[in-house]
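The values are calculated or read from the model by the stated rules, or taken from the named source; none is laboratory data. All values reported here derive from a predicted model rather than from experimental measurement. Cβ: placed from backbone, ideal geometry, glycine included. Neighbour counts: every protein chain shown.
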Amino acid sequence: MGLIALAGAVFLSVTSEMIPTGLLPDMSASLGVSEAQIGLLVTVFAFTVVITSTPLTALTKRWPRHGMIVGILIVLAVSNLLTAVAPDYTFVVISRILGGVAHGMFWSIVGAYAGHLVPKEQIGRAVSITLGGGTLAFVLGVPLGTFAGHLFGWRLSFAFLAVLMLVGAALVWKFLPAVERDEDTRPRRVRGTARPKDATILAVVMVCLVAAVTMIGHYSFYTFVVPFLTDAMGVPSGNVGGLLFFYGIAGAGGLVIAGSVFGPRPQLGLILALVVTGISVVALAVFAAIPVLAIGAFVLWGLSFGALPPLLQTRLLHTSSPAFRDTASALYTTSFNIGIGGGALLGAVIFDAGGLMTLPYLYIGLLAVALVLVVVIGRVTRARQLA
């Protein structure tokens, strides 16, 4: 029940982060700004996470994590409510900054929380269950939010999400068990003595770098996937929500594969997921004008990418020592959101310049860089184990 409660909180947080991507045309028309500016809301949200998550994690390291997750969901509810009633674009930006602060704190906590609830050999499955909430956000959260926004207006989508945040806070309070802070169980350091350097730092930093590069590529393209679907593929706007739903369903399949097949072998899983993601995006770009092939590639993209976040998180927790796990999760959160924000920003610049069809090829190039880094991580880890 604790893992399911965490998954529910992840569902709400990811839906809150990504819902502007499905409402680009509606928010653009209502607020009188370009679609690229609405896409930049994802950048604002993510860069707020980058700037605030690590220092706030350090400041609150002795606070009870359980209570913090409840409080964070309440702050996210306020952020979405403010977005729903925003009179102009500037007010929306401010409300998203507030949400970004809460979101960064959330992921700094949640990343390690699942690892504290289960023994190491079960971390892969625990992470897959927890991150299943994020996949469900793509399966249901963003598509339903997009559908409701088209029918009843984008403001109602944000308002309803705010209500769900409050419900989620109550469920987390009731069902998520508290865990001990690492600071409580770690022996106190004698004053004047240096804390020994953790041997896993280099490998952790490299996993974080893989996450950043992968997400830059993904969100440079995915942030503007709705214009790609409607313009390059010729999908009617009324069918976009359905395609995003199938993309999310495929992502759920990738999540299951990541947890059940590659949980104990995240290195192999990462290599395969990166390769298949690259192949599917190449096919999507090349065959965009052929509906059957393009839709098949789109669903395959959802399947392969759905496996990447749980595999990256599992690789991080396997790589990091238990004592360094909370700090590693904070670094991972920062790098992940550098990728999201940087990708959305880069995509906005290219999209505004009329380079919509350039975005998938940029994505492919960055996936190749990530693949090389994953191979290097495997060698570094093996060398440390042999030392």
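Of a type in the set (Val, Ile, Thr), within 30 Å of residue 86 (Cβ to Cβ) and modelled with pLDDT of 55 or more - does that describe any residue in the stretch 189-210? Within the stretch 189-210 (the criterion being of a type in the set (Val, Ile, Thr), within 30 Å of residue 86 (Cβ to Cβ) and modelled with pLDDT of 55 or more), the answer is no, since none of the residues qualifies. Run residue 346 past the list (1) modelled with pLDDT under 85; (2) assigned to a helix (DSSP H, G or I) and report the number of the one that doesn't hold. So residue 346 meets the others, but not (1). When restricted to residues that are more than 15 Å from the chain's Cα centre (by Cα) and buried (at least 24 other Cβ atoms within 10 Å of the Cβ), the stretch 320-359 contains 4.
Only a single item in (1) free of Cβ contacts under 8 Å to residues at least 60 places away in the same chain; (2) out of contact with any Ser or Thr (no Cβ under 7 Å at 6 or more places or on another chain); (3) over 15 Å from residue 208 (Cβ atoms) is not met by residue 371, and it is number (1).
Taking residue 250, is it part of a helix (DSSP H, G or I), within 22 Å of the chain's Cα centre (by Cα) and either among the charged types (D, E, K, R) or surrounded by 21 or more Cβ atoms within 10 Å (Cβ to Cβ) (or both)? Yes, satisfied.
Residue 155 falls short on exactly one of the conditions (1) at pLDDT below 90; (2) surrounded by fewer than 22 Cβ atoms within 10 Å (Cβ to Cβ), and that condition is (1). The listed residues are 35, 17, and the only one of them that is more than 16 Å from the chain's Cα centre (by Cα), within 21 Å of residue 157 (Cβ to Cβ) and either small (Gly, Ala, Ser) or modelled with pLDDT under 85 (or both) turns out to be 35.
Residues in the stretch 57-67 that are under 19 Å from residue 168 (Cα atoms) and either crowded, with 16+ Cβ neighbours inside 10 Å or without any contact (Cβ under 8 Å) to a residue 24 or more places away in the chain (or both): 65, 66, 67. Looking only at residues in the stretch 58-79 that are over 24 Å from residue 41 (Cα atoms), out of contact with any Pro (no Cβ under 8 Å at 6 or more places or on another chain) and part of a helix (DSSP H, G or I), the one that is modelled with the lowest pLDDT is 58.
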